[in-house]
Every structure is written in C-alpha cells, then in structure tokens.
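Any read-out appearing in this document is the output of simple, stated calculations on the displayed coordinates, not a laboratory observation. Nothing here was measured: the structure is a model prediction, and the numbers come from that model. Virtual Cβ from ideal backbone geometry, glycine too; neighbours counted across all protein chains shown.
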Amino acid sequence: MIAEDNNDYKKAEEWYKKSLDKENVLGYKSFATFLYKTNRKNEAEKYFIEAGNRKDADSMLYLIKIYYMKKDNEKLKYWQDKILNTKEIFRFDDEANDLLEYSLSKDRMDKEFFELYIKGEESILKKDYDTAEKYFLQMEKLKKEGILYTADFYYRFKDEKEKGMEKYKKAYENGLKKAAVFIGIIEHRNIDEAKKWYRIAANAEYTDSQIYLAQILEEEGYKLESFDLYLKAAELKDYRAIDYLLKYYYREKN
C-alpha cells in the first residue's frame, strides 16, 4: 500500500479498515499484519482471529507465533489444533507445515530455532534488515535447515540475490532437497531449468513443487502426468491440489 510505504500510517489504517468485510479474508489478514508490524499486537490478534476463523493458514500461524512468544499454552494449543484439523484450509503450504512442526516440537533446539525465526520475521516486517540478518544467521548456526531461511532473506529482502542463490545451492549440495523448490521458483523464466528442480523436489514429496510442476505440465499438454502430481499432492493434504481435483471432478460430472 502506497500510504504505508510512505509511512503515512494513519491514511494506511483508514484504507485497511475499508477493506474489512465478512467475506474478505485478505482484508482481515492485511489489516492484522499492518497492526502487528506497527507494534499493536493486541489489536492485531483480534483481526488475525477473524481471518483464522475463515480458514486462513497464515493468520493461524501468526496467532501461533504470538501465543508461543507469550507462552500462552492454552491459546497456542487451540490454534495448533485448529490448523491441524481444519478442512480446505487456505495457504497451508510446505513452509507453513515446517513452522507448525517447529511450534509443536518439544526439542530445545527446535524451540530456540522457532523463536529466532519469529524475531527475524518481526524485524523484517519493521524493515530492520540488519537485526533480521543477525537472527537468521543464528538460525543457520543452530540447525542445518537455517540456511534455507538465510537464503530466502538475502534473495527476497536484502536484495542480495546472488548470495541467496548461492546459499540455496549450498543447501541442496548439503542434502536439503527442499532447496530445489526455491531454486525452481527462482528459475521460473527458464522453464526447462525450473522443471528440473521442481521434479527433484516433487520426488521428495514437497507439495509446492508438485503443484508448480503440475501447472507447467498441464499448460504443455501433459495432462495425465499433471493429474498424477495433483493426486500425489492431494494425498499429502495440500489444499490447492484438493481444490483442483474437486473442480476437475465437478467439471467431469457436469
């Protein structure tokens, strides 16, 4: 939003409020995120709840992070259970699943890792990239999976794309096949290269890559292979694949 980018928070808030509507999940989530990054977390909580109750996984995860840091175990468990048991949930992808698993882990290192992620993300929302970098580098030292988060930070937020790509490739060389998902996304303009990386990650059962590869193959006319990938992703409970298959079966029936 232009007003927000220009630090006109009063005007930005007015526009966010105008977007609030019972059917507009994005409006609730966007306003909640705006409040969250301007240090109005108690107010943000209310609107994340509205979006979370409308099956938005991002908002549920924000609530999980809020209650995790508050150590409010009752509310934390409520939203962990809700995200696990909600059918046809929106925006629940591989990254969301990883974060949920860290929030559920009893392992001391996982707990520290998740807290560092929350602090790093908050710093990004405030555009305090130097502080964010410190948290993500600590994550990388703590667990090998941390390199995926530093790679994402450099590529998307610090605008050091070459450094980000180097870290993704290093992560893949060190056995983290999930890095192939992100390399595929980065290579999206080079279809053959993107397909190569998506196929690697799809074979490792990363649903993001299964969906992305299925979309490319469908456009290229390989409908059977595309359909098979959607089925595999649906079996792993990916909401996008399930939605695609429901629409497909509806079209076939009618």
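Rounded to the nearest 0.05, what FRET efficiency do residue 71 and residue 222 give with R0 = 51 Å and r taken as the Cβ-Cβ distance? Could you check?
After rounding, the FRET efficiency stands at 0.55.
In terms of the Cα gyration tensor, with a ≥ b ≥ c the square roots of its eigenvalues, is region 93-176 rounded because a/c is under 1.5, prolate because a/b exceeds b/c, or oblate?
Verdict is oblate for region 93-176.
Using Cα-Cα distances under 8 Å and only pairs 6 or more residues apart, what relative contact order does the chain have, in percent?
Worked out over the chain, it gives 9 percent.
Given a cut-off of under 8 Å on Cα pairs at least six residues apart, what relative contact order in percent is computed for region 93-176? Intermediate values should be presented prior to the final figure.
Working: 80 pairs, mean separation 15.1, N = 84.
Once divided by the residue count of region 93-176, the mean separation gives 18 percent.
Using a simple charge model, +1 on the beta-carbon of Lys and Arg, -1 on the beta-carbon of Asp and Glu, nothing else, what dipole does the chain show about its Cα centre, in debye to the nearest 20?
Numbers: 50 positive and 52 negative charges, 121 e Å.
The calculation lands at about 580 debye.
Fully extended, how many nm does the chain gain between residue 174 and residue 109 (0.36 nm per residue separation, minus their Cα-Cα distance)?
Using 0.36 nm per residue and subtracting the Cα-Cα distance, I get 21.4 nm.
Full extension from residue 127 to residue 196: what is 0.36 nm times the residue separation minus their Cα-Cα distance, to one decimal in nm?
Stretched fully, the residue 127-residue 196 segment lengthens by 21.4 nm.
Taking semi-axes √(5λ) of the Cα gyration tensor in Å straight from the coordinates, which label in (1) 33, 21, 18; (2) 29, 25, 19; (3) 39, 23, 15 is the correct one?
Computed from the coordinates, semi-axes √(5λ) of the Cα gyration tensor in Å corresponds to (2).
By its C-alpha gyration tensor, with a ≥ b ≥ c as the square roots of the eigenvalues, how is region 212-254 shaped: rounded for a/c under 1.5, else prolate for a/b larger than b/c, else oblate? Please list the in-between numbers first.
Numbers: a/c = 2.07, a/b = 1.10, b/c = 1.89.
The shape class here is oblate.
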